[in-house]
1. Please order Phe156, Phe149, Phe164, Phe241 by the number of other Cβ within 10 Å, starting at the fewest.
2. Taking other Cβ within 10 Å of each residue's Cβ, how do Ile115, Ile260 sort, fewest first?
3. Using only alpha carbon pairs under 8 Å that are at least six residues apart, calculate the relative contact order of the chain and give it in whole percent.
4. So how do Tyr28, Tyr22, Tyr85 line up by other beta-carbon neighbours within 10 Å, fewest first?
5. For the range 186-255 and the range 144-183, write down the distance between their C-alpha centroids in whole Å.
6. Lysine pairs in the range 159-288 with Cα distance under 25 Å, only those 8 or more apart or on different chains: how many are there?
7. Considering all projection directions equally, how large on average is the shadow of the alpha-carbon convex hull of the chain, in square nanometres?
8. Per DSSP helix of 4 or more residues, -39500 (n - 2.57); summed, then divided by the residues of the chain. What does that give at 222 nm, rounded to the nearest 500?
Amino acid sequence: MNIKVKDIASKSGVSIATVSRYINKSGYVKQETRELIKNAIQEIKDQDETYQREKNIAVIFPDLSNMFFTDVLKGLTEEAEKLNYNVFSFDSGESIEKEMKIIDVLKDFNICGLIITTTIKNRETTKKHVQKLNSLGVPVILLDRDLLFCDFDGIFIDNQKGSFDGVDTLITSGHEKIAVITGPLEYETAQLRLEGYKQAYKINGLEINEDYIYEGDYQVESGYNLAKKIINDNKGITAIFICNNMMTLGAINALNEMEIKIGQDISLLGFDDLDFFTYLGLNISVVSRPTSEMGRIAFEVLSKKLMDDEPCTTQNIVLKPTIVIRGSEKLIKDN
């Protein structure tokens, strides 16, 4: 929908919040009120056929230095350009405070939609955050991380299955002592990846050793520090599952410094692929997500909401990751 929410509210005689609920299907709107809003939209169009809101889309991601998000942004932007939409990207730096400030700033932007990977962790403040997003009065599409108490559309990955399949592959290849470097466990994505790791152990009849679980923060430095700690703890670990690409980069650096050969002395399984793994001939297998596709689908869902006068049904699209095996060892440990 390319008409300003405040104009719809004024024409229909209802509040901006009610119009926003109608657009995002994020709360109950009486049938008679829905008709008022729908009629107001049509009247505005009839009065001025040239009326059109700027085709500006905002994107808020928590870490644009992370190649997962840059790949998503690339796919999203390519699709947006086909329909002459402008994409403005913002980096919240994994800070909920910064994210809230960006949302406040966007109220002064002439945007028609928002795609966001939120940084919110505290369940108690989620409802307030959803209300702030609704106050923008535009369709909101969640990407990668879900939010409670909302009916926003979302594009997600089956994190638990991806982790399960990856760790199950390690176990099938002969590894039983597998360390895991998780993300911050306040995030549901990190919890699900850890659960997939544990599920693989259970399915294979192996006992879960809590000493093999190391909590990281999705940043390079934690991957570096925790990989060194895993080696120095000397628990007979033969493989490490690392739950995002930035921490995998840190772990690679640490193992290289310690002169530990990846794929020979120890095996690595990362979550998210990086092109240079292949370019440099690194024997690192990964749980690979369809990153560009996530961006393309997110824009397609948003553009449909923008073009339909009557809000379409809320969609939660869950994509499946794949396991990419690299190296001549195929993850099989030395005996």
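Read-outs throughout are calculated quantities, based only on the coordinates presented, and are distinct from any laboratory measurement. As the structure is a prediction and not an experimental result, all values here were calculated from the model. Cβ: placed from backbone, ideal geometry, glycine included. Neighbour counts: every protein chain shown.
1. By the 10 Å Cβ count, ascending, the order reads Phe149, Phe156, Phe164, Phe241.
2. Ascending Cβ contact count within 10 Å gives the list Ile260, Ile115.
3. Reported as a whole number, the value is 21 percent.
4. Ordered by Cβ neighbours within 10 Å, fewest first: Tyr28, Tyr85, Tyr22.
5. 12
6. The number of close lysine pairs in the range 159-288 is 16.
7. With the hull built on Cα positions only, its mean projection is 18.1 nm².
8. Rounded to the nearest 500, it is -14500 deg cm²/dmol.
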